[in-house]
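Here is the structure we will look at.
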Amino acid sequence: MRRTCVFFHAHRDDEALLTGGTMARLAAEGHRVVLVVAAAEHAPSGLDARPRGQVRTDVLDAPAHVLGCERVVLLGYEDSGPDGSALGGFSRTKVELAAEEVAEVLREEQADLLTVYDPAGGYGHPDHVQVHRVGVRAAELAGTPVVLEATVDRDLLLRALGPIARFGLLPRARHAYTSRGEITHRIRVRKYSATKRAVMAAHVTHRLCGDSVCTFTALLRLPRVVFRLVLGTEWFVRRDLPPGTVLHHPLDRWPVPVAQPARGRRPVPPRAQPEPEPEPEAEPEPTPTPAPAPETRPQPHPEPAASTPSSTPAPAAGV
Ligand SMILES: [Zn+2]
């Protein structure tokens, strides 16, 4: 069954690392993939101010085209900055107001699935936290059945950071993203690593990612096999599933609608859906590698560390 999957991101380049492989995979499987971006920032001046909700289909959306997106909606808010100080920034918008804008897209699309970020907003950028609040509320308003929180395996991240994290040099890392026990979806996207590379290249070519150009450029210099290993898994949380659930496809274990009992009759409990078959392309857990360390990034909107002192480069996710 063809599903419509809406990916809600804070900034124009966030989709590339956190969910790019999953988007490409769903599009390749024939599902409709839609990208909604809250703040059209990280772009050269002149691209930021645009009417709310404008649908872009020109060459500047080449990255989304590479991912297989059939529609891109830019809500047109300003980037709040890493400290949320920007007046008029997305993080300062009333949740109900922005949620109604996103809900409108969800209704138009009759969306089956919406992705947001985890409650911490990953590493804590105020706009990412706001994407969680706004997205969750929008799904409630529109009745979207499945909400996935895009995140990173925090345990893997701390292991990758090693002594730096153990000695408390990166205190925020201990609360960033999501603990392994809460993660319900581990999506293998190594097969789509070439697409992720192409998306980053498109962002760099069209300079849609501003300060992230350096990060993406560094990642693109990685040997393909290393790139595939480091960026080959994407993580999500679905809060309506019990802890300990581990799924390997975003559309696995679709929720069963609760049957409305007929008057005078006892309600019939929904039948459980069968467990999905294990994914054939399952691959071993990615080797711990230095992952995003926001405190080490000087950019206004931190992105993954471009390189490390050792031979193990690159973050698994950096938004
Ligand atoms: Zn961002």
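The values are calculated or read from the model by the stated rules, or taken from the named source; none is laboratory data. All figures in this text were calculated on a predicted structure; none of them were measured in a lab. We place every Cβ from the backbone using ideal geometry, glycine too, and count neighbours over all the protein chains shown. Accessible surface areas use protein heavy atoms only, side chains included; no ligands, DNA or RNA. Shrake-Rupley method; radii C 1.70, N 1.55, O 1.52, S 1.80 Å.
In the set 33, 6, which member is touching a strand residue (DSSP E or B) at 6+ places or on another chain (Cβ under 7 Å), away from the ligand (no atom under 12 Å from the Cβ), free of Cβ contacts under 8 Å to residues at least 60 places away in the same chain and open to solvent by less than 10 Å² (accessible area, probe 1.4 Å)? Steps first, answer last, please.
On the way: 6 fails: free of Cβ contacts under 8 Å to residues at least 60 places away in the same chain.
Only one candidate passes the filter, namely 33.
Which number in (1) modelled with pLDDT of 50 or more; (2) over 18 Å from residue 138 (Cβ atoms) marks the one condition that residue 53 misses?
(2)
Can you tell me which residue among 61, 127, 118, 83 is under 18 Å from residue 11 (Cβ atoms) and free of Cβ contacts under 8 Å to residues at least 24 places away in the same chain? Steps first, answer last, please.
Numbers: 127 fails: free of Cβ contacts under 8 Å to residues at least 24 places away in the same chain; 118 fails: free of Cβ contacts under 8 Å to residues at least 24 places away in the same chain; 83 fails: free of Cβ contacts under 8 Å to residues at least 24 places away in the same chain.
Just one listed residue meets the conditions, 61.
State all residues of segment 172-184 that are farther than 12 Å from residue 242 by Cα and out of contact with any helix residue (DSSP H, G or I) (no Cβ under 8 Å at 6 or more places or on another chain); if no residue qualifies, say none. If you could, list the steps in order and put the result at the bottom.
First, pick out the residues of segment 172-184 that are farther than 12 Å from residue 242 by Cα: 172-180.
Hit for segment 172-184 is 175, nothing else.
Taking the conditions exactly as written (within 14 Å of the ligand (Cβ to nearest atom), modelled with pLDDT under 95, within 23 Å of residue 204 (Cβ to Cβ) and in a helix (DSSP H, G or I)), does residue 60 satisfy them or not? Step through it out loud before you land on a result.
Details: within 14 Å of the ligand (Cβ to nearest atom): no; modelled with pLDDT under 95: yes; within 23 Å of residue 204 (Cβ to Cβ): yes; in a helix (DSSP H, G or I): yes.
For residue 60, the condition - within 14 Å of the ligand (Cβ to nearest atom), modelled with pLDDT under 95, within 23 Å of residue 204 (Cβ to Cβ) and in a helix (DSSP H, G or I) - is not met.
Which numbered condition in (1) at pLDDT 95 or above; (2) touching a strand residue (DSSP E or B) at 6+ places or on another chain (Cβ under 7 Å); (3) not polar (S, T, N, Q) is the only one that residue 28 fails?
(2)
Suppose the filter is in contact with a strand residue (DSSP E or B) (Cβ under 9 Å, 6 or more places away or on another chain) and modelled with pLDDT under 95; does residue 77 pass it? Before the answer, list the steps.
Details: in contact with a strand residue (DSSP E or B) (Cβ under 9 Å, 6 or more places away or on another chain): yes; modelled with pLDDT under 95: yes.
Here the answer is yes, as residue 77 does meet what is asked.
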